[in-house]
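For reference, the structure is listed below as C-alpha coordinates.
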Amino acid sequence: MKYDAYVMSEVQSIREAFSEASSFLGLHGCNEPQRSAQLLLEHALGLSGTAYYMALADPFPAGVRTAWEESVTRRGTGEPVQYIIGEQEFYGRSFEVTPAVLIPRPETELLVEAVLNYGAELWPDGRVGGQTADGSPSARPLAAVDIGAGSGAISVTLAAEAPAWQVSAGDISPAALTVAARNALRHGTAVDFRLGDLLEPFAGMETDILVSNPPYIPGGDIAGLQREVREHEPRTALDGGTDGLDPYRRMMEQLSLLPAPPRLIGFELGLGQAEQVAGLLSAAGHWNEIVTINDLAGIPRHVIGISRQC
(Lines give C-alpha, C1' and ligand atoms only; values in the text may rest on other atoms or scores of the structure.)
Protein backbone atom coordinates (compact mmCIF):
# COMPACT_ATOMS: atom_id res chain seq x y z
CA MET A 1 0.00 0.00 0.00
CA LYS A 2 1.30 3.47 -0.86
CA TYR A 3 1.11 6.10 1.83
CA ASP A 4 1.27 9.86 1.44
CA ALA A 5 4.26 11.66 2.85
CA TYR A 6 3.48 14.56 5.17
CA VAL A 7 4.93 17.83 3.91
CA MET A 8 4.56 20.72 6.28
CA SER A 9 3.13 23.95 4.87
CA GLU A 10 4.63 27.31 5.74
CA VAL A 11 2.94 27.39 9.12
CA GLN A 12 3.73 30.22 11.46
CA SER A 13 3.36 28.71 14.91
CA ILE A 14 3.70 25.46 16.83
CA ARG A 15 -0.08 25.50 17.36
CA GLU A 16 -0.64 25.64 13.60
CA ALA A 17 1.78 22.74 13.12
CA PHE A 18 -0.21 20.73 15.65
CA SER A 19 -3.50 21.50 13.91
CA GLU A 20 -2.16 20.66 10.46
CA ALA A 21 -0.63 17.36 11.58
CA SER A 22 -3.80 16.39 13.46
CA SER A 23 -5.82 16.88 10.26
CA PHE A 24 -3.32 14.87 8.22
CA LEU A 25 -3.40 11.96 10.68
CA GLY A 26 -7.18 12.04 10.89
CA LEU A 27 -7.49 11.86 7.12
CA HIS A 28 -5.13 8.86 7.12
CA GLY A 29 -7.28 6.93 9.57
CA CYS A 30 -5.03 7.18 12.60
CA ASN A 31 -6.38 6.39 16.02
CA GLU A 32 -6.48 9.51 18.28
CA PRO A 33 -4.95 11.89 15.71
CA GLN A 34 -4.77 14.90 18.04
CA ARG A 35 -3.14 12.95 20.85
CA SER A 36 -0.69 11.44 18.36
CA ALA A 37 0.20 14.85 16.97
CA GLN A 38 0.79 16.26 20.44
CA LEU A 39 3.05 13.38 21.52
CA LEU A 40 5.08 13.60 18.32
CA LEU A 41 5.33 17.38 18.62
CA GLU A 42 6.43 17.23 22.24
CA HIS A 43 9.11 14.73 21.25
CA ALA A 44 10.30 16.81 18.28
CA LEU A 45 10.50 19.98 20.38
CA GLY A 46 11.89 18.33 23.51
CA LEU A 47 9.06 19.82 25.55
CA SER A 48 6.31 18.42 27.73
CA GLY A 49 3.64 19.49 30.19
CA THR A 50 3.35 23.20 30.89
CA ALA A 51 6.40 24.04 28.79
CA TYR A 52 4.73 22.57 25.71
CA TYR A 53 1.50 24.52 26.18
CA MET A 54 3.39 27.73 26.84
CA ALA A 55 5.28 27.29 23.55
CA LEU A 56 2.22 26.81 21.32
CA ALA A 57 2.21 30.44 20.17
CA ASP A 58 5.94 30.39 19.36
CA PRO A 59 7.21 30.12 15.78
CA PHE A 60 7.83 26.57 14.65
CA PRO A 61 11.60 25.96 14.79
CA ALA A 62 12.99 25.33 11.31
CA GLY A 63 15.70 23.02 12.65
CA VAL A 64 13.25 20.25 13.57
CA ARG A 65 11.10 20.43 10.45
CA THR A 66 12.59 17.41 8.67
CA ALA A 67 12.39 15.15 11.74
CA TRP A 68 8.85 16.37 12.38
CA GLU A 69 7.71 15.60 8.83
CA GLU A 70 9.26 12.13 9.00
CA SER A 71 7.58 11.30 12.31
CA VAL A 72 4.13 12.46 11.12
CA THR A 73 4.56 10.50 7.89
CA ARG A 74 5.40 7.35 9.87
CA ARG A 75 2.38 7.83 12.09
CA GLY A 76 0.26 8.28 8.98
CA THR A 77 1.13 4.72 7.91
CA GLY A 78 -0.28 3.42 11.20
CA GLU A 79 3.03 3.02 13.04
CA PRO A 80 2.38 3.51 16.78
CA VAL A 81 3.58 6.76 18.32
CA GLN A 82 5.47 4.80 20.97
CA TYR A 83 7.70 3.13 18.40
CA ILE A 84 8.37 6.46 16.68
CA ILE A 85 9.41 8.28 19.85
CA GLY A 86 10.89 5.12 21.36
CA GLU A 87 9.21 5.14 24.75
CA GLN A 88 6.04 4.61 26.76
CA GLU A 89 5.22 5.53 30.34
CA PHE A 90 4.28 2.71 32.70
CA TYR A 91 3.62 2.98 36.44
CA GLY A 92 5.17 6.45 36.49
CA ARG A 93 8.37 5.43 34.70
CA SER A 94 9.46 5.84 31.10
CA PHE A 95 10.25 2.59 29.29
CA GLU A 96 12.10 2.16 26.03
CA VAL A 97 9.99 0.37 23.44
CA THR A 98 10.92 -0.95 20.01
CA PRO A 99 9.02 -3.06 17.46
CA ALA A 100 10.55 -6.09 19.20
CA VAL A 101 8.26 -5.62 22.21
CA LEU A 102 4.59 -5.14 22.94
CA ILE A 103 3.74 -1.58 23.97
CA PRO A 104 2.87 -1.55 27.70
CA ARG A 105 -0.80 -0.81 28.35
CA PRO A 106 -2.33 1.10 31.28
CA GLU A 107 -4.45 -1.91 32.30
CA THR A 108 -1.31 -3.91 33.03
CA GLU A 109 -0.51 -1.41 35.78
CA LEU A 110 -3.50 -2.86 37.65
CA LEU A 111 -1.94 -6.33 37.47
CA VAL A 112 1.33 -5.00 38.88
CA GLU A 113 -0.54 -3.17 41.63
CA ALA A 114 -2.46 -6.33 42.59
CA VAL A 115 0.72 -8.43 42.70
CA LEU A 116 2.47 -5.83 44.85
CA ASN A 117 -0.47 -5.60 47.26
CA TYR A 118 -1.04 -9.35 47.64
CA GLY A 119 2.69 -9.93 47.84
CA ALA A 120 2.96 -7.46 50.71
CA GLU A 121 0.11 -9.24 52.50
CA LEU A 122 1.65 -12.69 52.17
CA TRP A 123 5.26 -11.65 52.82
CA PRO A 124 5.30 -8.33 54.73
CA ASP A 125 9.09 -8.13 54.91
CA GLY A 126 9.71 -9.45 51.40
CA ARG A 127 11.32 -12.63 52.70
CA VAL A 128 10.25 -16.27 52.75
CA GLY A 129 10.82 -18.46 55.79
CA GLY A 130 12.43 -21.84 55.50
CA GLN A 131 14.95 -24.23 56.98
CA THR A 132 18.59 -25.00 56.35
CA ALA A 133 19.83 -28.56 55.74
CA ASP A 134 20.32 -29.09 59.48
CA GLY A 135 16.80 -27.90 60.28
CA SER A 136 17.70 -24.40 61.46
CA PRO A 137 15.29 -21.61 60.51
CA SER A 138 16.33 -19.46 57.61
CA ALA A 139 14.81 -16.90 55.28
CA ARG A 140 15.46 -16.00 51.67
CA PRO A 141 14.34 -13.13 49.47
CA LEU A 142 10.92 -13.48 47.92
CA ALA A 143 11.27 -14.81 44.37
CA ALA A 144 8.99 -13.29 41.72
CA VAL A 145 9.02 -14.46 38.09
CA ASP A 146 7.53 -12.60 35.12
CA ILE A 147 6.75 -14.77 32.10
CA GLY A 148 6.85 -12.89 28.79
CA ALA A 149 9.12 -10.03 29.81
CA GLY A 150 8.66 -7.90 26.70
CA SER A 151 9.92 -4.41 27.50
CA GLY A 152 10.42 -5.38 31.14
CA ALA A 153 7.54 -3.16 32.24
CA ILE A 154 6.21 -5.69 34.76
CA SER A 155 9.48 -7.12 36.07
CA VAL A 156 11.35 -3.82 36.27
CA THR A 157 8.41 -2.16 38.02
CA LEU A 158 8.17 -4.99 40.57
CA ALA A 159 11.90 -4.76 41.23
CA ALA A 160 11.72 -0.98 41.61
CA GLU A 161 8.63 -0.95 43.82
CA ALA A 162 9.65 -3.96 45.96
CA PRO A 163 13.46 -3.84 46.14
CA ALA A 164 13.57 -6.64 48.75
CA TRP A 165 12.18 -9.07 46.17
CA GLN A 166 14.36 -11.15 43.88
CA VAL A 167 12.81 -10.62 40.45
CA SER A 168 13.40 -12.72 37.33
CA ALA A 169 11.83 -12.55 33.90
CA GLY A 170 11.82 -14.71 30.80
CA ASP A 171 11.00 -14.26 27.13
CA ILE A 172 11.30 -16.34 23.99
CA SER A 173 12.64 -13.32 22.07
CA PRO A 174 16.34 -12.36 22.43
CA ALA A 175 15.54 -8.91 21.01
CA ALA A 176 12.86 -8.32 23.64
CA LEU A 177 15.23 -9.33 26.45
CA THR A 178 17.79 -6.84 25.14
CA VAL A 179 15.22 -4.04 25.44
CA ALA A 180 14.13 -5.27 28.88
CA ALA A 181 17.73 -5.33 30.11
CA ARG A 182 18.24 -1.74 28.99
CA ASN A 183 15.10 -0.71 30.86
CA ALA A 184 16.30 -2.48 34.01
CA LEU A 185 19.59 -0.59 33.78
CA ARG A 186 17.75 2.65 33.08
CA HIS A 187 15.78 2.35 36.31
CA GLY A 188 18.58 0.93 38.46
CA THR A 189 16.96 -2.45 39.07
CA ALA A 190 18.50 -5.91 39.23
CA VAL A 191 16.35 -8.34 37.22
CA ASP A 192 17.54 -11.80 36.20
CA PHE A 193 16.52 -12.11 32.53
CA ARG A 194 16.42 -15.57 30.96
CA LEU A 195 15.80 -16.69 27.39
CA GLY A 196 13.32 -19.48 26.86
CA ASP A 197 9.74 -20.64 26.45
CA LEU A 198 7.37 -19.77 29.30
CA LEU A 199 8.45 -21.52 32.55
CA GLU A 200 11.23 -23.63 31.01
CA PRO A 201 14.08 -21.20 31.87
CA PHE A 202 13.06 -21.37 35.53
CA ALA A 203 12.97 -25.16 35.96
CA GLY A 204 14.04 -26.08 39.48
CA MET A 205 13.89 -22.48 40.77
CA GLU A 206 12.00 -21.59 43.94
CA THR A 207 9.17 -19.34 42.75
CA ASP A 208 6.83 -17.60 45.17
CA ILE A 209 5.11 -15.26 42.71
CA LEU A 210 4.37 -15.96 39.06
CA VAL A 211 3.01 -13.13 36.94
CA SER A 212 2.36 -13.03 33.22
CA ASN A 213 0.78 -10.95 30.50
CA PRO A 214 1.07 -13.62 27.79
CA PRO A 215 -0.17 -13.60 24.19
CA TYR A 216 -3.95 -14.02 24.47
CA ILE A 217 -5.47 -12.93 21.16
CA PRO A 218 -7.10 -15.84 19.28
CA GLY A 219 -5.07 -16.31 16.11
CA GLY A 220 -8.08 -15.84 13.86
CA ASP A 221 -8.88 -12.46 15.43
CA ILE A 222 -5.54 -10.80 14.74
CA ALA A 223 -6.52 -9.76 11.20
CA GLY A 224 -9.35 -7.69 12.68
CA LEU A 225 -7.24 -5.74 15.17
CA GLN A 226 -6.41 -2.06 14.73
CA ARG A 227 -3.69 -1.66 12.11
CA GLU A 228 -1.39 -0.12 14.73
CA VAL A 229 -1.43 -3.48 16.52
CA ARG A 230 -1.95 -5.85 13.60
CA GLU A 231 0.80 -4.46 11.37
CA HIS A 232 3.37 -3.23 13.86
CA GLU A 233 3.39 -5.04 17.21
CA PRO A 234 5.15 -8.43 17.40
CA ARG A 235 2.80 -11.28 16.51
CA THR A 236 4.54 -13.60 18.97
CA ALA A 237 3.36 -11.26 21.75
CA LEU A 238 -0.23 -11.33 20.47
CA ASP A 239 -1.12 -14.80 19.16
CA GLY A 240 -2.46 -17.06 21.90
CA GLY A 241 -3.50 -19.92 19.63
CA THR A 242 -6.93 -20.92 18.38
CA ASP A 243 -8.86 -19.64 21.40
CA GLY A 244 -6.15 -17.42 22.92
CA LEU A 245 -5.70 -19.68 25.95
CA ASP A 246 -2.75 -21.83 24.87
CA PRO A 247 -0.14 -19.98 26.98
CA TYR A 248 -2.24 -20.33 30.15
CA ARG A 249 -2.75 -24.06 29.61
CA ARG A 250 0.94 -24.58 28.95
CA MET A 251 1.99 -22.61 32.03
CA MET A 252 -0.33 -24.72 34.17
CA GLU A 253 1.27 -27.85 32.70
CA GLN A 254 4.77 -26.47 33.28
CA LEU A 255 4.20 -25.79 36.98
CA SER A 256 5.64 -29.26 37.53
CA LEU A 257 9.03 -27.81 36.49
CA LEU A 258 9.09 -25.80 39.72
CA PRO A 259 9.92 -27.25 43.16
CA ALA A 260 6.48 -26.10 44.34
CA PRO A 261 3.63 -24.04 42.84
CA PRO A 262 3.88 -20.29 43.51
CA ARG A 263 1.67 -19.09 46.34
CA LEU A 264 0.66 -16.06 44.27
CA ILE A 265 -0.06 -16.15 40.55
CA GLY A 266 -1.39 -13.32 38.40
CA PHE A 267 -2.45 -13.32 34.76
CA GLU A 268 -3.61 -10.63 32.36
CA LEU A 269 -6.15 -11.88 29.82
CA GLY A 270 -8.40 -10.88 26.98
CA LEU A 271 -12.06 -10.02 26.63
CA GLY A 272 -14.30 -12.89 27.71
CA GLN A 273 -11.48 -15.11 28.97
CA ALA A 274 -11.72 -14.51 32.73
CA GLU A 275 -14.03 -17.41 33.54
CA GLN A 276 -11.94 -19.90 31.57
CA VAL A 277 -8.61 -18.75 33.02
CA ALA A 278 -10.05 -18.76 36.54
CA GLY A 279 -11.25 -22.30 35.80
CA LEU A 280 -7.74 -23.37 34.84
CA LEU A 281 -6.38 -22.05 38.14
CA SER A 282 -9.20 -23.66 40.10
CA ALA A 283 -8.67 -27.02 38.40
CA ALA A 284 -4.97 -26.93 39.25
CA GLY A 285 -5.95 -26.93 42.93
CA HIS A 286 -2.99 -24.93 44.25
CA TRP A 287 -4.77 -21.71 45.21
CA ASN A 288 -7.59 -21.45 47.74
CA GLU A 289 -8.58 -17.93 46.69
CA ILE A 290 -9.11 -16.83 43.10
CA VAL A 291 -9.84 -13.18 42.38
CA THR A 292 -10.91 -11.50 39.14
CA ILE A 293 -9.98 -7.83 38.67
CA ASN A 294 -11.72 -5.48 36.24
CA ASP A 295 -9.85 -2.89 34.21
CA LEU A 296 -10.86 0.79 34.16
CA ALA A 297 -13.50 0.03 31.51
CA GLY A 298 -15.12 -2.59 33.76
CA ILE A 299 -13.82 -5.53 31.70
CA PRO A 300 -12.56 -8.55 33.67
CA ARG A 301 -8.87 -8.24 32.80
CA HIS A 302 -6.83 -10.08 35.44
CA VAL A 303 -7.13 -13.32 37.37
CA ILE A 304 -5.17 -13.74 40.60
CA GLY A 305 -4.64 -17.02 42.46
CA ILE A 306 -3.66 -16.82 46.13
CA SER A 307 -2.63 -19.54 48.53
CA ARG A 308 -2.82 -18.27 52.10
CA GLN A 309 -1.53 -21.58 53.46
CA CYS A 310 2.23 -21.84 53.84
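The values are calculated or read from the model by the stated rules, or taken from the named source; none is laboratory data. This structure is a prediction, so every number in the text was calculated from the model and none was measured. Cβ atoms come from the backbone with ideal geometry, glycine included; neighbour counts cover every protein chain shown. Calculation scope for accessible area: heavy atoms of the full protein, side chains included, ligands and nucleic acids excluded. Shrake-Rupley method; radii C 1.70, N 1.55, O 1.52, S 1.80 Å.
Roughly speaking, what is the stretch gain from residue 27 to residue 56, that is 0.36 nm per residue apart minus the C-alpha to C-alpha distance, in nm to one decimal? Intermediate results must be reported in sequence, preceding the final value.
Numbers: separation 29, 0.36 × 29 = 10.44 nm, distance 2.28 nm.
Between residue 27 and residue 56, full extension yields an extra 8.2 nm.
Using 20 Å as the cut-off for backbone N distance, which residues of the stretch 170-196 belong to the label zone defined by a point 7 Å from the Cα of residue 255 along Cα→Cβ?
Only 170 fall inside the zone, counting backbone N under 20 Å.
What's the whole-number percent of alpha carbon pairs in the stretch 1-159 lying beyond 21 angstrom?
Numbers: 7364 of 12561 pairs.
Roughly 59 percent, rounded to a whole number.
Ignoring any ligand, DNA or RNA, what whole percent of the accessible area of the stretch 221-290 comes from carbon and sulfur when the probe is 1.4 angstrom? Intermediate values should be presented prior to the final figure.
Working: 1670 of 3290 Å².
Whole-percent figure for carbon plus sulfur exposure: 51.
Is it possible to state the helix-based mean residue ellipticity at 222 nm for the chain, with each DSSP H run of 4+ residues giving -39500 (n - 2.57), the sum divided by total residues, to the nearest 500 deg cm²/dmol? What is it?
On the way: 11 runs with 114 residues, N = 310.
One gets -11000 deg cm²/dmol as the mean residue ellipticity at 222 nm.
Over all alpha-carbon pairs of the stretch 1-79, lay out the pair-distance distribution in 5 Å bins, whole %, shortest bin first.
Histogram of Cα-Cα distances, whole percents per bin: 3, 17, 31, 26, 16, 6, 1, 0.
Leaving ligands, DNA and RNA out of it, work out the accessible area of residue 230 with a 1.4 Å probe and give it in Å² to the nearest 10.
90 Å²
Which whole-number percent gives the relative contact order of the chain, counting Cα pairs below 8 Å spaced six or more residues apart?
Values: 550 pairs, mean separation 39.9, N = 310.
It comes to 13 percent, rounded to a whole number.
Give the value in nm², to one decimal: projected area of the alpha carbon convex hull of the stretch 158-214, averaged over all directions.
On the way: hull surface 15.8 nm².
The orientation-averaged projected area of the Cα hull of the stretch 158-214 comes to 4.0 nm².
Can you run phi through the Karplus equation (6.51, -1.76, 1.60; θ = phi - 60°) for the stretch 263-277 and list ³J(HN,Hα) in whole Hz, with x for Gly and Pro?
Using θ = phi - 60°, the values come out as 6, 10, 9, x, 10, 8, 8, x, 4, x, 9, 4, 4, 5, 5 Hz.
Whole-Hz ³J(HN,Hα) for each residue in the stretch 42-47, computed from phi via Karplus 6.51 cos²θ - 1.76 cosθ + 1.60 with θ = phi - 60°, x for glycine and proline: what do you get?
4, 5, 5, 8, x, 10
May I ask you to compute the full-extension gain from residue 223 to residue 11, defined as 0.36 nm times their residue separation minus their alpha-carbon distance, rounded to one decimal in nm? Before the final figure, lay out the partial values.
Numbers: separation 212, 0.36 × 212 = 76.32 nm, distance 3.84 nm.
Computed gain between residue 223 and residue 11 is 72.5 nm.
Keeping all protein chains in place, calculate the accessible area per residue for the chain (probe 1.4 angstrom), answer in Å².
On a per-residue basis, 46 Å².
Give me the one-decimal Kirkwood hydrodynamic radius in Å for the stretch 212-310, with the sum taken over alpha-carbon pairs. Numbers along the way, then the final one.
Working: mean 1/r = 0.0699 Å⁻¹.
Value: 14.3 Å, from the Cα pair sum.
Equivalent ellipsoid semi-axes for the stretch 254-310, as square roots of 5 times the alpha carbon gyration tensor eigenvalues: give them largest first, rounded to whole Å.
Numbers: eigenvalues 97, 26, 17 Å².
With the √(5λ) rule applied to the stretch 254-310, the semi-axes are 22, 11, 9 Å.
When the scattering of the stretch 115-256 is computed by the Debye formula from its Cα atoms alone, each counted once and equally, what is log10 I(q)/I(0) at q = 0.18 Å⁻¹?
-1.07
I want to check the label-to-label distance for residue 205 and residue 231. Put each point 7 Å from Cα in the C-beta direction and report it in nm to one decimal.
Here the modelled spin labels are 3.8 nm apart.
Going 7 Å from the Cα of residue 299 in the Cα-to-Cβ direction, what parts of the stretch 86-106 have a backbone nitrogen less than 18 Å from that spot?
It comes to 102-106, nothing else.
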